[in-house]
């Protein structure tokens, strides 16, 4: 096949330059399609990577015991908040904790209780965070380190000490090292004993946002709420990582027995945790990829319409070109190059927009989309082929025009 | 040597009631190196003749031999290639592409031939120099006067070094100065050995031609060789004293018959019918 000559590309660029606004509207469908395609795939991949990173960080053998039908969400900034939101009405208790801890094969068990409380620091009222009651082993279990100070030392004591998440430290006190500062939780003074290093971001996860949380001792949280605090999660670490599944079963049967056979809790290993996080995500991804496919289809039809209008407007030009010796094929190529240029530029703009939104998401939310080169190249190929597919019919029509008829039209 | 040979070529447009006969069994032989002026009133088939000779249009009937090759039934791409390589068109309304600058317009036929851009520009530049508007190379058609635009169109027609230049009323949109410029250019091209065929309404312009063909109602009614530099002696006479007696007059009786059969038919229809009957 004879390669396109530079004159055809030049004329395509010229035609493009001469109808900027119209071309923009034409490309919009392709832009929206490409942007949503890249973003959705990118977000989905990014979140999966983040969740995997979290698991690697925490250790892959941790078991999570949760009440059924419970949702704990960190903050309003955790985007796609419809998946999260605080809804603590669980059925785990401190008795469950001791049962889990005493199950054979369990090395240690850590409760996480959440309470809604008014929090006041030197930086004013803090609305984003929640107060988590837990035990000293929390940090060891999650391989979490502290940037300053120490984690809580004792389990039951009402020592009124608090360890704050990295983001909470900044929000509460407007300073990096608020050690020894006082924070009021439900008007009870707590002394800041340590500041945690940032946890890996956990977008769309059903866990709490630890970076914005305040950690007090489990005993403290029970005392403050007259033992009505909700334990929304118990983390358990098996002694032998290879025995994780057996331990999971053991905990399950033990809790089932004590709950009177009522299956109102779940014992999840990290794989299941990941699956529950990503299955909804996969569904949404498929859905939105479908929607962006429709956007691309509509964009392609838009390109086809504009090309049809364009060849009608430029019939005279086609006549001149044919009179000067352009073959049908050369006319076809010219208009095909034009429609392909249109959709390819749409695709490039779409990619740029996707990167901009990616940047915005990274700055303002904890989602870190992962836009890979493969996705970008795929998007380029898709948008280019849309131009070729939807441009061929108008280009064919243009090529079939009789020179004398085309020349006569004005 | 006959370059162009038309043998009983007819061109009929439309069908049924709307049939128009644009060329009525025209036979014409044009030799290499002739400078032919085609004259005739509007609707006499001059432009159709040009389009058929220029392979923009296919004859409905008859044989057209171009350079000893029958071209009356070519496929569109073959016709395009002959147009590209052997024929240069000059139109009344210049037909430059408004979105391209002068040099791109001129080099367009070369682009369709597949010549590289630098070579194209060089050739186009040379030809623009020859027609005397090299200084306007990067102007756009809208920035040119009519005469200049037609010079660009001539340069474009010449750039492929075609054997035949076909000009359909090249001076129709130009003032007298522009007309002179264009005609001088055409005669220069002719002097270099090219065959030039042009259509004109202006008898004065026949002074450039070596041969004048007069057309009326799709027929060639007169064909004479003239001396270059002199207005064709019959130009005015033939144009302004057209044959009074036409074939339609002969059919007046038929016309009356038609009227009798179809009393309600519109006059326009009748005349068409008359014409059609005449062809039978």
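Only the coordinates and a few stated rules stand behind these numbers; no lab work does. In this text, all values refer to a predicted model and were calculated from it rather than measured experimentally. In this analysis, Cβ positions are derived from the backbone assuming ideal geometry, glycine residues included, and neighbour counts consider all displayed protein chains.
Overview of results
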{"quantity": "Rounded to 10°, Cα long-axis angle of helix A:270-313 versus longest principal axis of chain A", "calculated": "20 degrees"}
{"quantity": "log₁₀ of I(q)/I(0) at q = 0.19, 0.30, 0.31 Å⁻¹ - segment B:40-95, Debye sum with one point per alpha carbon", "calculated": "-0.72, -1.34, -1.37"}
{"quantity": "Reference-scaled alpha-carbon Rg (2.2 N^0.38 Å with N residues) for the protein assembly as shown", "calculated": "1.64"}
{"quantity": "Cβ-derived FRET efficiency at R0 60 Å, residue A:286 paired with residue B:161, nearest 0.05", "calculated": "0.45"}
{"quantity": "Net length gained if the chain between residue B:17 and residue B:65 were fully extended (0.36 nm per residue, minus Cα distance)", "calculated": "14.1 nm"}
{"quantity": "Pair residue A:104, residue B:140: separation of 7 Å Cα→Cβ label points (nm)", "calculated": "8.9 nm"}
{"quantity": "Of every Cα-Cα pair in segment A:159-267, the percent that sits beyond 24 Å", "calculated": "44 percent"}
{"quantity": "Fraction of alpha-carbon pairs over 12 Å apart in segment A:18-70 - percent", "calculated": "76 percent"}
{"quantity": "Dimensions in Å of segment A:231-289 - Rg and Dmax from alpha carbons", "calculated": "14.9, 45"}
{"quantity": "Cα-based Rg and Dmax for chain A, where Dmax is the largest Cα-Cα distance (Å)", "calculated": "30.3, 98"}
{"quantity": "Label point at residue A:153 placed 7 Å out along Cα→Cβ; residues across segment A:213-247 whose backbone nitrogen lies under 15 Å", "calculated": "A:217"}
{"quantity": "Beta bridges per DSSP with both ends in segment B:2-238, % antiparallel, nearest 5", "calculated": "55 percent"}
{"quantity": "Coordinate range along principal axes, alpha carbons of segment A:250-385, Å, largest first", "calculated": "91, 31, 20"}
{"quantity": "FRET efficiency estimate (nearest 0.05) - Cβ-Cβ, residue B:31 to residue B:204, R0 25 angstrom", "calculated": "0.50"}
{"quantity": "Top of A:373, A:30, A:164 by mean-square fluctuation, Gaussian network on chain A, Cα under 10 Å", "calculated": "A:373"}
{"quantity": "Cα-based Rg / Dmax (Å) for segment A:98-164", "calculated": "14.1, 46"}
{"quantity": "Cβ-derived FRET efficiency at R0 51 Å, residue A:305 paired with residue B:230, nearest 0.05", "calculated": "0.30"}
{"quantity": "Cα-based convex hull volume of segment B:2-238 per residue, rounded to whole Å³", "calculated": "127 Å³"}
{"quantity": "Listed residues A:327, A:231, A:64, most fluctuating in chain A (Gaussian network, C-alpha, under 10 Å)", "calculated": "A:327"}
{"quantity": "Size-normalised alpha-carbon gyration radius of segment A:139-191, reference 2.2 N^0.38 Å", "calculated": "1.17"}
{"quantity": "Spacing of the two label points (7 Å from each Cα toward its C-beta) at residue A:313 and residue B:98, in nm", "calculated": "1.1 nm"}
{"quantity": "For chain A, built as a Gaussian network whose Cα springs stay under 10 Å, the top-fluctuating residue of A:233, A:45, A:313", "calculated": "A:313"}
{"quantity": "Chain lengthening between residue A:275 and residue A:385 when straightened (0.36 nm per residue, less Cα-Cα)", "calculated": "36.1 nm"}
{"quantity": "Where N is the number of residues in segment A:313-410, Cα Rg divided by 2.2 N^0.38 Å", "calculated": "1.56"}
{"quantity": "Mean ellipticity per residue at 222 nm, deg cm²/dmol - from DSSP H runs of n ≥ 4 across chain A, formula -39500 (n - 2.57)", "calculated": "-18000 deg cm²/dmol"}
